[in-house]
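Contents: one structure, followed by commentary.
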Amino acid sequence: MGTEKGWVYRVDEPHGSQGWRPYGGHPERWRGTVITDDPKEDAEYVAALVVTDLLTEWEVLGTGQRHVRVIVWEDEEGERAEDAAFTVEIQPDIDAD
């Protein structure tokens, strides 16, 4: 008890020289909160959950991999990605067959 921790995540996609913008046609789908109750379930764990969901959606829709980044903050969304507890960027494999 008392080990619950809140994590806030957001998925962004590159937007040219303007930097990054919320991912997809429904950005609210890729922004949310995960509550964990195991100390091993940290920011990296939360990012892995989101990445797994993304990869599953891309496979089901047949869209292939996209260029995105998953940002995870502890407790509440920060002002900048640099304030995040964990960030992972996924880039499509341009050499894939």
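The values are calculated or read from the model by the stated rules, or taken from the named source; none is laboratory data. Please read these numbers as outputs of a predicted model, since none were measured by experiment. Virtual Cβ from ideal backbone geometry, glycine too; neighbours counted across all protein chains shown. When the accessible area is computed, the model is the full protein with side chains, heavy atoms only, and any ligands, DNA or RNA have been set aside. Shrake-Rupley method; radii C 1.70, N 1.55, O 1.52, S 1.80 Å.
Positive-end ranking of P27, V51, G2 along the dipole of the chain, with charges on Cβ about the Cα centre, is headed by P27.
Entry note, the chain: relative contact order of 32 percent, from Cα contacts under 8 Å with a spacing of 6+ residues.
Positive end of the dipole of the chain (Cβ unit charges, origin at the Cα centre): among A81, T63, P92, the Cα lying farthest that way belongs to T63. Looking at segment 1-92, what % of the alpha carbon pairs are farther apart than 16 Å? Value for segment 1-92: 54 percent of Cα pairs lie more than 16 Å apart.
Y9 sits with roughly 40 Å² accessible to a 1.4 Å probe, with DNA, RNA and ligands left out of the calculation. Relative to the longest principal axis of the Cα atoms of the chain, the long axis of helix 43-61 lies at roughly 30 degrees. Taking the Cβ of F86 as the centre, find all other residues whose Cβ is under 10 Å away and add up their charges (Lys, Arg: +1; Asp, Glu: -1). So the environment of F86 carries a net charge of -3.
Computed from backbone phi with θ = phi - 60° and the Karplus coefficients 6.51, -1.76 and 1.60, the 3J(HN,Hα) list for segment 3-18 is 9, 5, 9, x, 10, 10, 10, 8, 10, 10, 10, x, 9, x, 6, 7 Hz; x is used for glycine and proline.
Which length gain, in nm to one decimal place, applies between Q65 and A48 when the Cα-Cα distance is subtracted from 0.36 nm times their residue separation? Before the final figure, lay out the partial values.
Details: separation 17, 0.36 × 17 = 6.12 nm, distance 1.54 nm.
Roughly 4.6 nm would be gained on extension.
The accessible area of D38, taken with all protein chains in place and a 1.4 Å probe, comes to roughly 60 Å². Accessible surface for H67 stands near 60 Å², nearest 10, in the context of the full protein assembly shown (1.4 Å probe).
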